[in-house]
Amino acid sequence: LTATCNVSSGLVIGEAERILSCKGRIFAMDDEPDVPRLWLPDQDAPGLAMARAFGDFCLKNHGLICTPEVYYRKLSEKDDFLVLATDGVTRVDFFLDFPLTFQSCSNFLQLRTVSGTIATEIKIT
């Protein structure tokens, strides 16, 4: 349900505990078994694939919160790239397949080095 997840359950323990204590349900759909979703207690809706979001008011009383997770990291010259992403713009599989993300960024850096130019847009395919 969040970009930060543990491999065994697909979501952070605290997120799941909060949702379940608020009577929200968590389960994945058959065609996406690796994507746990947040559901209303008595309906198979809406199936939100995150535990933190703005809007989605129907889930507000069932464990969905809008407080972001914020992490601070001082960047150094050893850092090659920084990926900024948000749901609705970035596909879920972008987060679930970190090697693909890393490879895409590496390809961009190689292209930039070869061409001597800086791209303003990166498209992940």
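Inside segment 38-51, can you point out the residues that are outside any loop (DSSP other than H, G, I, E, B) and within 12 Å of the chain's Cα centre (by Cα)? Before you say what the answer is, go through the steps one by one.
Of segment 38-51, the ones outside any loop (DSSP other than H, G, I, E, B) are 38-39, 46-48.
Answer for segment 38-51, where residues must be outside any loop (DSSP other than H, G, I, E, B) and within 12 Å of the chain's Cα centre (by Cα): just LEU48.
Would you pick out the residues in segment 28-45 that are exposed (fewer than 13 other Cβ atoms within 10 Å of the Cβ) and touching a Leu at 6+ places or on another chain (Cβ under 9 Å)?
Selection gives ASP34 alone.
Each value in this text was obtained by applying a stated rule to the coordinates, not by laboratory testing. Predicted model, so just to flag it, every value in this text is computed and none were measured. Because the Cβ atoms are built from the backbone with ideal geometry, glycine has one as well, and the counts that use them run over all protein chains shown.
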